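Take a look at the structure set out below.
The values are calculated or read from the model by the stated rules, or taken from the named source; none is laboratory data. Values in this document were obtained by computation on a predicted structure and should not be read as measured data. Note that we place each Cβ from the backbone using ideal geometry, even for glycine, and neighbour counts take in every protein chain shown. The accessibility values were calculated without ligands, DNA or RNA, using every heavy atom of the protein model including side chains. Shrake-Rupley method; radii C 1.70, N 1.55, O 1.52, S 1.80 Å.
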Protein chains: 2
Amino acid sequence: MKETTKIPYKIYLEESEMPKQWYNVRADMKNKPAPLLNPATHQPMTFEDLRPVFCDELVKQELDDTTAYFDIPQEIRDFYKMYRPSPLVRAYCLEEKLQTPAKIYYKFEGNNTSGSHKLNSAIAQAYYAKQQGLKGVTTETGAGQWGTALSMACSYFDLDCKVYMVKVSYEQKPFRREVMRTYGASVTPSPSETTEVGKRILAAHPGTTGSLGCAISEAVETALGMDGYRYVLGSVLSQVLVHQTVIGLESKIAMDKYGIKPDVIIGCAGGGSNLGGLISPFMGEKLRGEADYQFIAVEPASCPSLTRGKYAYDFCDTGMVCPLAKMYTLGSGFIPSANHAGGLRYHGMSSILSQLYDDGLMEARSVEQTEVFRAAEQFARVEGILPAPESSHAIKVAIDEALKCKETGEEKTILFGLTGTGYFDMVAYEKFHNGEMTDYIPTDADLQVGFDGLPQM
Amino acid sequence: MKETTKIPYKIYLEESEMPKQWYNVRADMKNKPAPLLNPATHQPMTFEDLRPVFCDELVKQELDDTTAYFDIPQEIRDFYKMYRPSPLVRAYCLEEKLQTPAKIYYKFEGNNTSGSHKLNSAIAQAYYAKQQGLKGVTTETGAGQWGTALSMACSYFDLDCKVYMVKVSYEQKPFRREVMRTYGASVTPSPSETTEVGKRILAAHPGTTGSLGCAISEAVETALGMDGYRYVLGSVLSQVLVHQTVIGLESKIAMDKYGIKPDVIIGCAGGGSNLGGLISPFMGEKLRGEADYQFIAVEPASCPSLTRGKYAYDFCDTGMVCPLAKMYTLGSGFIPSANHAGGLRYHGMSSILSQLYDDGLMEARSVEQTEVFRAAEQFARVEGILPAPESSHAIKVAIDEALKCKETGEEKTILFGLTGTGYFDMVAYEKFHNGEMTDYIPTDADLQVGFDGLPQM
């Protein structure tokens, strides 16, 4: 399709054009994602199984693979208006720098205090908790983006928010912690003495700096043990992908408005919430045979769940308290290296995206972190925005694709997700500037351990 | 005026509606700001006096108090499009929280990587340097916002950028430093061995952690000593206020579009660049008798140049190398306390704003930092945005005014400038959360020292 109108640097939708429903791509999938299994019985999780842990409405969304659209409640739409619509940016300056005939667009989700797209689901989850009359929610956070987003959402709805923050991050990222405290959240370094599992771990490993798996276990235990509390999660789950479709829906509306059709859509992939949210509406068209797109998931070479993982049932958490999900996974015992893209250090992948990948509807690439930071710096210098290390994985591949177009002369239209800003990641940038950043690629022996005793389905 | 249309949460102008000219309020002032004086001769600075230090075009803008509008060059307008128009936000949530009949708007300048409005002038100054064929520019930075903005601007135009960063900030704010390095700037802790004045100061005070005054002196010496370099400054100067009028012009266009007329306009005031930029177009109407507005400058009680200063000629820098300016000042020897709003720790005030204040066209209030942080936190929790300590001075007074309206029942329309975000100020927030923040009000003896030998005009 030809561009018929001069495209502005940034396309902002009017409030009246913002999506009023989230899209559930599972409804259009012929091969549905495999169901979550109860870790004790290996039977599919039911509404009753899940409701002690998650809010009722969120359990419904989690289990519903047939309804194509969920209404976005008015209160959530009002909150979205405080920081959305997010801009769809035409990267004119990057295009010129690369001297590429490609047209590059990015959907920028970093213009809010949480610094990422995480807020899109945090506010939804907080809303349903409030609607259910709950007092508060618990969660874990590693790098801190999800914890920050949830703190903001809970503050807005006057809900208590208890965040278990991996101890090493709690100590190394005091600023993230203070942002959460500004929004009234209580932040506990994990493992802690506030839970049985925390005490047990501390007794066994007195000097431990914690892990995401342990923090999840503490957050779940706390939610289960307190009246009027539930546990919430910022990625991986299908409900989260549904909420994040606001990213893709806005992108599509903005592009349609100007007659733009992307050829390639690129996103970074950790648990899959951003990538799934960005591509869902486009994938829906592909699944329904209405249009075709190339989708590329980008993951760190140090944590390559799609490109080197196994498609199998596995635990979602290293503590093995959560349901089993069928997904591309490196094994719940996989310990990712200290890659600076904290949001991509996850052993598994959304079961929706895993199924789409397995069906050949989406590609995946892995990239090393020094080349990611080179791309990040190149991008920052021409486009102004200082990107998060996670988002920079998508930038790296978008630049690769644009340079391919330069060779072939193709005028492809590239859309990528710029999920957030790197203001709290300057330690990583400093290492990069000082030439102290290294790359790490796991050996085959490091991968795919710990599947014994899991269901083979 | 009545609101005729439903006002959105955020008003974004179209690119075609963005200002094409900056406004120079001096053209409409009956009492012009007093001229800069040569510190040696006490005669008004001429074009020839200033051009070794500043770019030619910027000297012209500095000295021109009759031309009402300056064209914004296309290249600068293109750069503005990468992060502007900035949103004019209706603070619906804050209004509801305060239960006030007042209508509160804020112009948010924090949605760019520099995190503040500083970029508006940085890109202009870098552009004129490039146009003049220069190789690079030098500057000083304290807290780092200006240095970051200038680094971004120089990176865009491929200019060398040498930043002298006050040593204590260089060491305590490594993240700001790394952002500047990401944009390719060289950042030197000041005082340094790279300049004569730096060596002299280091010899006399071996353990000194530096000061803004010293960093200015080093930056000026470096610019004067290198072929193809000039010095640039981020506030106080009239040229900077002119560039910053893009803030007020956009605000006015957005408000006019929806038939909104502000009654009260509030901004924080350090050197005056943000406040001057915000109020100029409205002040112009007031000066021409076309409309009336109440203007309020907000400054820290610890550095009260307008509310407790003297209107007199003084040095702009503590190193006493810059021209003399007539302004409200605490004396160039005044040492501000370690208030956390680094951008407001300046002994003087823009000569334009000083004259307007002296003519009774603008009010000023001083506020203490603990109440400022209380307002900041209250704002963050309902409006989402984590404000910079500087900006929070304006928030504090906007809330005060809105609460007054609650008492009187008046439905005033309040506009304030939200100049930036506080992501790099979490040390200050942490102190506030921990109850360790103190207030400081200087005694009369602390103020107004060092005027001996200065011209009395």
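Read through the list (1) within 24 Å of A:PHE108 (Cα to Cα); (2) open to solvent by 40 Å² or more (accessible area, probe 1.4 Å); (3) basic (Lys, Arg); (4) away from every other protein chain (no Cβ under 14 Å), then give the number of the only condition that A:ARG374 fails. Every condition holds for A:ARG374 apart from (4).
Of the residues screened, A:GLY142 is one that is away from every other protein chain (no Cβ under 13 Å), in contact with a helix residue (DSSP H, G or I) (Cβ under 6 Å, 6 or more places away or on another chain) and open to solvent by 10 Å² or more (accessible area, probe 1.4 Å).
Condition check ((1) within 16 Å of B:TYR183 (Cα to Cα); (2) open to solvent by 30 Å² or more (accessible area, probe 1.4 Å)) across all residues:
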| residue | (1), (2) |
| --- | --- |
| A:LEU361 | no, yes |
| A:SER366 | no, yes |
| A:GLN378 | yes, yes |
| A:LEU403 | no, yes |
| A:THR413 | no, no |
| A:GLU436 | no, yes |
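If the condition is being in a helix (DSSP H, G or I) and closer than 22 Å to A:MET180 by Cβ, then the stretch A:76-119 contributes A:ILE76, A:PHE79, A:TYR80, A:MET82, A:TYR83, A:LEU119. Per the listing B:VAL242, B:VAL220, B:VAL246, the residue uniquely part of a helix (DSSP H, G or I) and closer than 16 Å to B:GLU57 by Cβ is B:VAL242. For B:LYS97, the criteria (1) open to solvent by less than 40 Å² (accessible area, probe 1.4 Å); (2) more than 20 Å from the chain's Cα centre (by Cα); (3) farther than 30 Å from A:ALA91 by Cβ hold in every case but one, which is (1). The one condition from (1) among the aliphatic types (A, V, I, L, M); (2) out of contact with any Cys (no Cβ under 7 Å at 6 or more places or on another chain); (3) surrounded by 24 or more Cβ atoms within 10 Å (Cβ to Cβ) that A:ALA129 does not meet is (2). Sub-6 Å Cβ pairs linking a first residue in the stretch A:177-200 that is at negative phi to a second residue that is part of a helix (DSSP H, G or I) and aliphatic (A, V, I, L, M), at least 6 apart or interchain, are A:GLU178/B:MET426; A:THR182/B:ALA380; A:TYR183/A:MET152; A:VAL187/A:MET180; A:SER190/A:ALA215; A:PRO191/A:ILE201; A:PRO191/A:LEU202, ordered by first then second residue. Given the condition surrounded by 24 or more Cβ atoms within 10 Å (Cβ to Cβ) and assigned to a helix (DSSP H, G or I), answer yes or no: does some residue in the stretch B:266-274 qualify? Within the stretch B:266-274 (the criterion being surrounded by 24 or more Cβ atoms within 10 Å (Cβ to Cβ) and assigned to a helix (DSSP H, G or I)), the answer is yes, since at least one residue qualifies.
Tell me, please, whether a residue that is without any contact (Cβ under 8 Å) to a residue 24 or more places away in the chain, among the β-branched types (Val, Ile, Thr) and closer than 30 Å to A:TYR313 by Cα can be found in the stretch A:411-423. No, there is no match, as no residue in the stretch A:411-423 is without any contact (Cβ under 8 Å) to a residue 24 or more places away in the chain, among the β-branched types (Val, Ile, Thr) and closer than 30 Å to A:TYR313 by Cα.
Being farther than 23 Å from B:SER114 by Cβ and either within 9 Å of another protein chain (Cβ to nearest Cβ) or in contact with a strand residue (DSSP E or B) (Cβ under 8 Å, 6 or more places away or on another chain) (or both) is true for just one of A:ILE123, A:ILE76, A:ILE72. Which residue is that?
Details: A:ILE123 fails: either within 9 Å of another protein chain (Cβ to nearest Cβ) or in contact with a strand residue (DSSP E or B) (Cβ under 8 Å, 6 or more places away or on another chain) (or both); A:ILE76 fails: either within 9 Å of another protein chain (Cβ to nearest Cβ) or in contact with a strand residue (DSSP E or B) (Cβ under 8 Å, 6 or more places away or on another chain) (or both).
Selected residue: A:ILE72, the only one of A:ILE123, A:ILE76, A:ILE72 that is farther than 23 Å from B:SER114 by Cβ and either within 9 Å of another protein chain (Cβ to nearest Cβ) or in contact with a strand residue (DSSP E or B) (Cβ under 8 Å, 6 or more places away or on another chain) (or both).
The set of residues from the stretch B:160-207 being under 30 Å from A:PHE424 (Cα atoms), among the hydroxyl-bearing types (Ser, Thr, Tyr) and out of contact with any His (no Cβ under 9 Å at 6 or more places or on another chain) comprises B:TYR164, B:SER169, B:TYR170, B:TYR183, B:SER186, B:THR188, B:SER190, B:SER192.
Here is a yes/no grid of residues against (1) modelled with pLDDT under 95; (2) not polar (S, T, N, Q):
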| residue | (1), (2) |
| --- | --- |
| B:LEU224 | yes, yes |
| B:TYR231 | no, yes |
| B:GLN244 | no, no |
| B:PRO262 | no, yes |
| B:ALA269 | no, yes |
| B:LEU278 | no, yes |
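All of (1) of a type in the set (A, V, I, L, M); (2) open to solvent by 10 Å² or more (accessible area, probe 1.4 Å); (3) under 20 Å from the mean Cα position of the chain (by Cα) hold for A:ALA68 with one exception: (3).
Conditions (1) under 30 Å from B:ALA380 (Cβ atoms); (2) open to solvent by less than 20 Å² (accessible area, probe 1.4 Å); (3) modelled with pLDDT of 95 or more, marked per residue:
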residue	(1), (2), (3)
A:ARG26	no, yes, yes
A:LYS32	no, no, yes
A:PRO35	no, no, yes
A:PRO44	no, no, yes
A:LEU58	yes, yes, yes
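If you go through the stretch A:340-354 one residue at a time, how many are farther than 20 Å from A:ILE216 by Cα and touching a strand residue (DSSP E or B) at 6+ places or on another chain (Cβ under 8 Å)? Give the derivation first.
Our first condition is that a residue be farther than 20 Å from A:ILE216 by Cα; within the stretch A:340-354, this holds for A:340, A:352-354.
Filter again for touching a strand residue (DSSP E or B) at 6+ places or on another chain (Cβ under 8 Å), leaving A:353-354.
Residues flagged as farther than 20 Å from A:ILE216 by Cα and touching a strand residue (DSSP E or B) at 6+ places or on another chain (Cβ under 8 Å) within the stretch A:340-354 amount to 2.
The set of residues from the stretch A:147-173 being open to solvent by 20 Å² or more (accessible area, probe 1.4 Å) and closer than 21 Å to B:GLN378 by Cα comprises A:SER155, A:TYR156, A:PHE157, A:ASP158, A:ASP160, A:LYS162. Consider the stretch A:380-401. How many of its residues are of a type in the set (Lys, Arg) and open to solvent by less than 10 Å² (accessible area, probe 1.4 Å)? Within the stretch A:380-401, residues that are of a type in the set (Lys, Arg) and open to solvent by less than 10 Å² (accessible area, probe 1.4 Å) number 0. For the list (1) more than 23 Å from B:GLN131 (Cα to Cα); (2) more than 14 Å from chain A (Cβ to nearest Cβ); (3) assigned to a loop (DSSP other than H, G, I, E, B); (4) not small (Gly, Ala, Ser), I need the number of the one condition that B:PRO8 fails. For B:PRO8, the exception is condition (2).
Could you please find all residues in the stretch B:174-210 being within 14 Å of chain A (Cβ to nearest Cβ) and over 23 Å from B:LYS135 (Cβ atoms)?
Our first condition is that a residue be within 14 Å of chain A (Cβ to nearest Cβ); within the stretch B:174-210, this holds for B:174-187.
Correct list: B:PRO174, B:PHE175, B:ARG176, B:GLU178.
A count restricted to the stretch B:398-451 and to residues that are more than 22 Å from B:SER116 (Cβ to Cβ), of a type in the set (Val, Ile, Thr) and not in a loop (DSSP other than H, G, I, E, B) stands at 2.
Considered as a group, the residues in the stretch B:241-265 that are open to solvent by 10 Å² or more (accessible area, probe 1.4 Å) and under 24 Å from B:ALA122 (Cα atoms) include one that is farthest from the chain's Cα centre (by Cα), and that residue is B:ILE253. When B:GLY289 is tested against (1) in contact with a Lys or Arg (Cβ under 9 Å, 6 or more places away or on another chain); (2) free of Cβ contacts under 8 Å to residues at least 24 places away in the same chain, just one condition goes unmet, and that condition is (1).
Of the residues making up the stretch B:184-222, those that are β-branched (Val, Ile, Thr), crowded, with 20+ Cβ neighbours inside 10 Å and touching a strand residue (DSSP E or B) at 6+ places or on another chain (Cβ under 8 Å) number 5. Looking only at the stretch A:300-334, residues that are outside any loop (DSSP other than H, G, I, E, B) and more than 27 Å from A:LEU224 (Cβ to Cβ) come to 9 in all. Among the residues of the stretch A:223-239, the one identified as closer than 30 Å to A:SER280 by Cα and open to solvent by 40 Å² or more (accessible area, probe 1.4 Å) is A:ARG230. Criterion applied to B:GLY422, B:GLY417 was being surrounded by 14 or more Cβ atoms within 10 Å (Cβ to Cβ) and under 23 Å from A:LYS173 (Cβ atoms), and the one residue passing it is B:GLY422.
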